[in-house]
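The values are calculated or read from the model by the stated rules, or taken from the named source; none is laboratory data. Since the structure is predicted, the reported quantities are computational estimates derived from the model, not experimental observations. Ideal geometry is used to build each Cβ from the backbone, glycine not excepted, and the neighbour counts take in all protein chains shown. Areas reflect the complete protein model, heavy atoms only, side chains present, ligands, DNA and RNA absent. Shrake-Rupley method; radii C 1.70, N 1.55, O 1.52, S 1.80 Å.
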Amino acid sequence: VNASLGNIETDMGAALHSLQGRAESIFCERFGSDPSWVTAAPGRVNIIGEHIDYNDGFVLPMTIQRYACIAAGPAANPSPGRLCSIYSETLDELVAVETDYDESATTPGWVRYIRGVLAGCDQLDMRPDEFDCVVVSSVPLGGGLSSSAALEVATATLVEAMCNSKLDPLQKARLCQTAEHDYAGVPCGLMDQYAAVFGSDSDLILMDCRDETSTNVVFDDPSVSLLVFDTNVKHDLATDEYGARRAECSNAADVLGVQSLRDVDVARLDDAQSKLDESLFRRTRHVVTETARALDTAQWIRDRNWAAAGEAMYASHESLRSDYEVSCPELDAAIELAQKLSGVYGARMTGGGFGGCAILLVDSSAASKVGAELARVYKADTGISGMWFATRPGGGARVLRRPANAGDGHTDLEFE
Ligand code: ADP
Ligand code: MG
């Protein structure tokens, strides 16, 4: 084990520990005692399978070693009709949440993610007594690494711990998704919440978006890491174009007489070309080849064939750039520059596109050098300062702390 590899792993392991410490000490400062419970849930990147979830295909998310972490305890100053008081360190805001979920205007947007989860738990008769809590997070907000799902799943895990009762994991992921739909107003798929719930620190998750099942893909070779490179740009096109792509895919599926484009085999692409106009065909070709690449990449990762997995990532990017047209010059620059660096197996944009993050499959021993060099050449090329970090799978949601006398008969809750 070489020195820089040691760095990545120890620093990241230590990172959750220090995040927990920060949540606990802020809780203590704010509310005057130690917290009784601490939970955490990870952000994620999608390794491959982009713009595939709404086409019923396969995605391959990996949890990252960046987490939302919540410290909580019984309310220091209980107030009738109040459910909880929440302080977000990230936003430096303290908000009281009432039990009647009055949707009146003043609730800050970020509280809605938490309220939505509490409301979902409430419907399942999981009602904690009034509590205080502190939210800290090492997942960058709004960067496509799913700080929102991390927050939701950390909240659901907190309610589980406080109520000494465990949700069915799939139900838990769906409950968090529903919170994001109905309370935050974001019509997201299930992947992010699913990854945060089902994540493992040695596996990727190959998720079938049609039936919402998954198989784990072992990714436990410490000599390979993911490098996340944030281009630090976000073009406005994203929301409109996302809606447009969804509509195009659904049109193409109608023309081809299939339920969704997942049902089109690579071998049927020639036939599809004769039935679709030029632009609709290119959208279809992306979805069909990307679904195949996701399945292939899962196998190559199982086989530790990093070269093949990396090539698939480059191919994915090219397909998203030219066929699906959801990339942007900054993402393309990052990928092109990454491709020239040694220690890089592959790279692609990740997330919806038009900015956000690129991901690189790299040799762990080269990760720091690759990150620094990519940031340098990206800055020289675009004038923009990118940010980066290296990560291995971050594991799923977990309880980091709970009262010593809790857990009798509830040993099914995981401890770290
Ligand atoms: P992403 O999930 O890609 O980070 P989203 O826009 O889906 O981006 O979610 C980001 C939103 O989630 C934030 O604007 C905020 O409302 C909420 N959020 C996430 N983490 C925190 C946090 N630590 N404190 C408060 N709000 C948070
Ligand atoms: Mg999100």
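Dividing the convex hull volume of the alpha carbon atoms of region 90-218 by its residue count gives 122 Å³ per residue.
Averaging 1/r across all pairs of distinct Cα atoms in the chain and inverting the result yields a Kirkwood radius of 22.0 Å. Shape analysis of region 317-405 yields a ratio of the Cα radius of gyration to the Kirkwood radius, Rg/Rh, of 1.12.
Relative contact order of the chain, taken over Cα pairs closer than 8 Å and 6 or more residues apart, is 24 percent.
The calculated P(r) of region 9-67, using every Cα pair and 5 Å bins from 0, goes 4, 16, 17, 15, 13, 11, 9, 8, 5, 2 in percent. Kirkwood analysis of the Cα pair distances in region 207-327 returns a hydrodynamic radius of 16.1 Å. Rounded to the nearest 20 debye, the dipole size of the chain about its Cα centre is 680 debye, using +1 on the Cβ of Lys and Arg and -1 on the Cβ of Asp and Glu. Here the peptides 204-214, 244-254, 65-75 are ranked by packing, the mean other Cβ count within 10 Å, and the order with the highest first is 65-75, 204-214, 244-254. Using the average count of surrounding beta-carbon atoms within 10 Å as a protection proxy, the listed peptides 148-154, 303-309, 169-175, 28-34 rank, highest first, as 148-154, 169-175, 303-309, 28-34. In the chain, the calculated helix contribution to ellipticity at 222 nm averages -14000 deg cm²/dmol per residue, counting -39,500 (n - 2.57) for every DSSP H run with n ≥ 4.
Relative to the first principal axis of the alpha-carbon coordinates of the chain, what is the inclination of helix 367-382, with its axis defined by its Cα atoms, in degrees from 0 to 90 and to the nearest 10? Here the helix axis deviates by roughly 70 degrees.
As a rough guide to protection, the peptides 89-95, 273-279 ranked by mean Cβ packing within 10 Å, highest first, stand as 89-95, 273-279. Once the Cα atoms are used to define both axes, helix 329-339 deviates from the longest principal axis of the chain by about 80 degrees.
Under the shape rule built on the C-alpha gyration tensor, where the axes satisfy a ≥ b ≥ c, region 125-183 is oblate, since a/c reaches at least 1.5 while a/b does not exceed b/c.
Provide, for q = 0.25, 0.27, 0.29 Å⁻¹, the log10 of I(q)/I(0) from a solvent-free Debye sum over equal Cα point scatterers in region 42-104. Values, matching the q order: -1.05, -1.16, -1.25. Compute the distance from the alpha-carbon center of region 259-317 to that of region 185-240, in whole Å. With region 259-317 and region 185-240 each reduced to a Cα centre, they are spaced 18 Å.
For region 40-160, the Kirkwood hydrodynamic radius comes to 15.4 Å, computed from all pairs of different C-alpha atoms.
Give me the log10 of I(q) over I(0) for region 291-354 at q = 0.14, 0.26 Å⁻¹, as the Debye formula computes it from C-alpha points; what are the numbers? Each listed q maps to, in turn, -0.39, -1.11. Classified by the C-alpha gyration tensor, region 157-249 has an oblate form. Its axis ratio a/c, with a ≥ b ≥ c, is 1.5 or above, and a/b does not exceed b/c.
Once the C-beta distance of Ala14 and Ser385 is scaled by a Förster radius of 25 Å, the resulting FRET efficiency is 0.45 to the nearest 0.05. For the chain, the tally of Lys pairs with Cα-Cα distances below 24 Å comes to 4, considering only residues 8 or more apart or on different chains. Accessible area per residue for the chain, computed on protein heavy atoms with a 1.4 Å probe, is 40 Å².
Near Val266, once Lys and Arg are set to +1 and Asp and Glu to -1 for all other residues with Cβ below 14 Å from its Cβ, the sum equals -3.
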